[in-house]
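Visitor: I have a structure I would like to understand better, so I am pasting it below and will then ask my questions one at a time.
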Amino acid sequence: MLIPVEKALSVVACNTCRVSADAREDADGVRGGAMLVAALEAAKAADPRYADVAIQQMPCLFSCSEHCSVHLRAPGKVGYLLGRFTPDADAARAILDYAVHYADSAEGRVPFKDWPQGIKGHFIARTPPEGYLVEA
């Protein structure tokens, strides 16, 4: 059931997420998660700032009420579950821009002033790194 991956800065995208709150797929039968994965990979390929961000995908992050979800994680850092994205290039760049700031942070806390506009309002949950809890 588990697939080993490198322990590194990663955006794990749900490739089976709904395309929106109201639709499972687009007119061509493509799920929103698959479209978001494609947008993330295209954005990464187009901008060298994103070179260190691994784009990973898996079916179902269990945040089904929040379409187009991703989990941002890195060893020793707080992780974040984000969702309600439109599966497009703008969302992909916002996610990856945030990931760059996240990578530069000591423990995964990015100052609000550094949040890309496209990331605001998309946080669902934060997860503590293995072996740690987060202070208030």
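The values are calculated or read from the model by the stated rules, or taken from the named source; none is laboratory data. Everything numeric in this text was worked out from a predicted model, so none of it was measured. Using ideal geometry, Cβ is built from the backbone for each residue, glycine included, and neighbour counts are taken over all protein chains shown. Just the protein is used for accessible areas: all its heavy atoms, side chains included, with ligands, DNA and RNA removed. Shrake-Rupley method; radii C 1.70, N 1.55, O 1.52, S 1.80 Å.
Visitor: Which one of F85, F123, F62 has the biggest mean-square fluctuation once the chain is modelled by GNM with Cα springs under 10 Å?
Guide: The residue with the greatest mean-square fluctuation here is F62.
Visitor: How large a share of the accessible area of the chain, in percent, is made up of carbon and sulfur atoms when the probe is 1.4 Å and the other protein chains stay in place?
Guide: Values: 4430 of 7960 Å².
It is 56 percent, rounded to a whole number.
Visitor: Using the heavy atoms of the protein chains and a 1.4 angstrom probe, tell me the accessible area per residue for the stretch 76-123 in square angstrom. Kindly include the intermediate steps, with their values, before the conclusion.
Guide: Values: 2240 Å² over 48 residues.
Roughly 47 Å² per residue, with all protein chains present.
Visitor: Per residue, how large is the accessible surface of the stretch 5-68? Use a 1.4 angstrom probe and give square angstrom. Please report the intermediate quantities before stating the final value.
Guide: Details: 3560 Å² over 64 residues.
Value returned for the stretch 5-68: 56 Å² of accessible area per residue.
Visitor: Which of L40, L96, L61 moves the most in a Gaussian network model of the chain with Cα springs under 10 Å?
Guide: The residue that fluctuates most here is L61.
Visitor: Sequence gap at least 6, Cα distance under 8 Å: using those rules, report the relative contact order of the chain to the nearest whole percent. Mind showing how you got there, number by number?
Guide: Working: 262 pairs, mean separation 36.1, N = 136.
This gives 27 percent for the chain.
Visitor: Give, as a single signed number, the net charge of other residues whose beta carbon lies under 11 Å from the beta carbon of G76, with Lys and Arg counted +1 and Asp and Glu -1.
Guide: Numbers: positive: K7, R73, K77; negative: E107, E130.
Charge balance in the 11 Å sphere: +1.
Visitor: Continuing with the same structure: Can you give the charge dipole size of the stretch 1-104 about its Cα centre, rounded to the nearest 20 debye, using +1 on the beta carbon of Lys and Arg and -1 on the beta carbon of Asp and Glu?
Guide: Details: 10 positive and 13 negative charges, 69 e Å.
Here the size comes out at about 340 debye.
Visitor: Sticking with this one: Suppose a student asked you for the relative contact order of the stretch 1-79, using Cα pairs under 8 Å spaced at least 6 residues apart; what percent would you report?
Guide: Working: 135 pairs, mean separation 35.9, N = 79.
Computed value for the stretch 1-79: 45 percent relative contact order.
Visitor: Then there's this: Rounding to the nearest 10 and keeping the result within 0 to 90°, find how far the Cα-based axis of helix 89-104 lies from the longest principal axis of the chain.
Guide: So the helix axis and the longest Cα principal axis differ by about 10 degrees.
Visitor: Mean residue ellipticity at 222 nm from the helices of the chain, using -39,500 (n - 2.57) per DSSP H segment of n ≥ 4 over the full residue count, to the nearest 500 deg cm²/dmol?
Guide: Numbers: 2 runs with 31 residues, N = 136.
Roughly -7500 deg cm²/dmol at 222 nm, from the helical runs in the chain.
Visitor: Using DSSP, restrict attention to beta bridges with both residues in the stretch 1-123 and report what percent are antiparallel, rounded to the nearest 5. All intermediate terms of the calculation are to be shown ahead of the outcome.
Guide: Details: 9 of 14 bridges.
Beta bridges within the stretch 1-123, antiparallel portion: roughly 65 percent.
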